[in-house]
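Accompanying notes for the structure given below.
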Amino acid sequence: MFKKVTVPLLSPIILLNLVTAVIDSFRVFVNSYAITEGGPLNESMFLVLYIYKKAFTSIRMGYASAVATIFLIIVLVLTVIELKISKKKVYYAE
Amino acid sequence: MIVTAFKSSYQTYNELDKFWPDPWTIQNFKDIFLTTPMLSFIKNSVIVTSTSIIGTLLSTTLAGYAFGRLKWKGRDAVFMVVLIAMMIPSQAIMIPQYMVFQKAHFINTLFPLIVPSWLAASTKGAFYIFTIRQFIMSIPHDIDEAAKIEGCGYFKIYSKILIPLLTPAIGSVIVFSFIENWNNFLSALIYLNDEAKFTLPIGIQYFQTQIFVDWNKIMGASIISVIPAIIVLFVGQKYLIKGVNLSASKG
């Protein structure tokens, strides 16, 4: 019953959660900033932290904007893929 | 976290085999308030959070009303823009936003932390609009029409009819936006340089220097910053359940 009834009915909400969770996981910042600031040899460097460092510690706004654009493209491509895949699997009541 | 906050600094660094503090001490909390501007951190956090919540409520309920009830040309297209905005991570637009606030001479004031909420443009602003809109759509149209026949204008329908019915949604928006603004680290870090303007999340960082990390005080300050969040969650939860019951019984 769980597999045939509950999951299909929940699928729109699961999709919303999936999309937001993937985006949120790309936004990791505070943890690595507070603990290691990018860490030994960039081992704990994340995209947002990199943007922050380039923009506000080594004042290279143009470079940081370019990184931010790439960041945005990656997230958008992932979201579009998720939505494409979900078209077959998500059940809408209408 | 709690255990370390009550240990002395000597214990944390030298008696690593002991888990419980011995003796328990509140010296850390005394030091936090005496040696650092903790009170001003708390004050700034309270100012930012409370004004942001008011702004969020005003802007998102009005926007939700416009999207959920009113009919106007291009409404669905604009709503699609809101949905897309929900999927753009706020960090990607961090730099242009910084430049806008720089032009407006808002750097090193509390305004950059507050203004986005008033424009429903905070990190989760689009999500709040979406929540409120869905909730307004579920309220029957008949209530509006009855009010219209009684002579209510659009704004009166909004303020007298919809706001009271929206309490559960408003409660959840309050809780979410409290947590969002209370924990807001990145924009506080970017926009605030002056110690007198610091909010709690970067205030905690005050104890972490390049040479020495004062874990006891970090933990103490963390406890102070967590307590309001827990209180709001519990109070908000009660309020949420009440709101759900209220709207259900009215049918």
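The values are calculated or read from the model by the stated rules, or taken from the named source; none is laboratory data. As the structure is a prediction and not an experimental result, all values here were calculated from the model. Note that we place each Cβ from the backbone using ideal geometry, even for glycine, and neighbour counts take in every protein chain shown. Quick note on the areas: whole protein, heavy atoms, side chains included, nothing else; ligands and nucleic acids left out. Shrake-Rupley method; radii C 1.70, N 1.55, O 1.52, S 1.80 Å.
Scanning the stretch B:185-194 for residues that are of a type outside the set (Val, Ile, Thr) and either open to solvent by less than 40 Å² (accessible area, probe 1.4 Å) or free of Cβ contacts under 8 Å to residues at least 60 places away in the same chain (or both) yields B:Phe185, B:Leu186, B:Ser187, B:Ala188, B:Leu189, B:Tyr191, B:Leu192. Counting just the residues of the stretch B:206-221 that are polar (S, T, N, Q) and surrounded by fewer than 18 Cβ atoms within 10 Å (Cβ to Cβ), which one comes out modelled with the highest pLDDT? Once the filter is applied, the top-ranked residue is B:Gln208. Here the helices (runs of 4 or more DSSP H) wholly within the stretch B:34-113 that include at least 3 residues being within 14 Å of another protein chain (Cβ to nearest Cβ), open to solvent by less than 80 Å² (accessible area, probe 1.4 Å) and on the phi < 0 side of the Ramachandran plot are B:75-86, B:94-103. Entry remark, the stretch A:11-31: residues being closer than 14 Å to B:Phe130 by Cβ and charged (D, E, K, R) number 0 in total.
Residue-by-condition table, conditions (1) within 12 Å of chain B (Cβ to nearest Cβ); (2) open to solvent by less than 40 Å² (accessible area, probe 1.4 Å); (3) over 27 Å from B:Asp214 (Cα atoms):
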position: A:Phe2; (1), (2), (3): no, no, yes
position: A:Ser11; (1), (2), (3): no, yes, yes
position: A:Arg27; (1), (2), (3): yes, no, yes
position: A:Leu72; (1), (2), (3): yes, no, yes
position: A:Thr79; (1), (2), (3): yes, yes, yes
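Being open to solvent by less than 60 Å² (accessible area, probe 1.4 Å) and closer than 17 Å to B:Ile202 by Cβ is the filter here, so list the residues in the stretch A:37-52 that pass it. Within the stretch A:37-52, A:Val48, A:Leu49, A:Tyr52 meet the criteria. Among the candidates B:Lys43, B:Lys7, single out the residue that is over 14 Å from B:Ile223 (Cβ atoms) and either at pLDDT 75 or above or not hydroxyl-bearing (Ser, Thr, Tyr) (or both). Of the residues listed, the single one that is over 14 Å from B:Ile223 (Cβ atoms) and either at pLDDT 75 or above or not hydroxyl-bearing (Ser, Thr, Tyr) (or both) is B:Lys43. Please list, ordered by first then second residue, the pairs with beta carbon atoms under 8 Å, 6 or more apart or interchain, first in the stretch B:53-67 and without any contact (Cβ under 8 Å) to a residue 60 or more places away in the chain, second open to solvent by 20 Å² or more (accessible area, probe 1.4 Å). What qualifies is B:Ala66/B:Trp72; B:Ala66/B:Arg75. With respect to (1) surrounded by 13 or more Cβ atoms within 10 Å (Cβ to Cβ); (2) over 30 Å from A:Leu72 (Cβ atoms); (3) among the hydroxyl-bearing types (Ser, Thr, Tyr), the lone exception for B:Tyr13 is condition (1). Looking at the stretch B:136-143, is at least one residue open to solvent by less than 70 Å² (accessible area, probe 1.4 Å) and modelled with pLDDT of 85 or more? The answer is yes; a qualifying residue exists.
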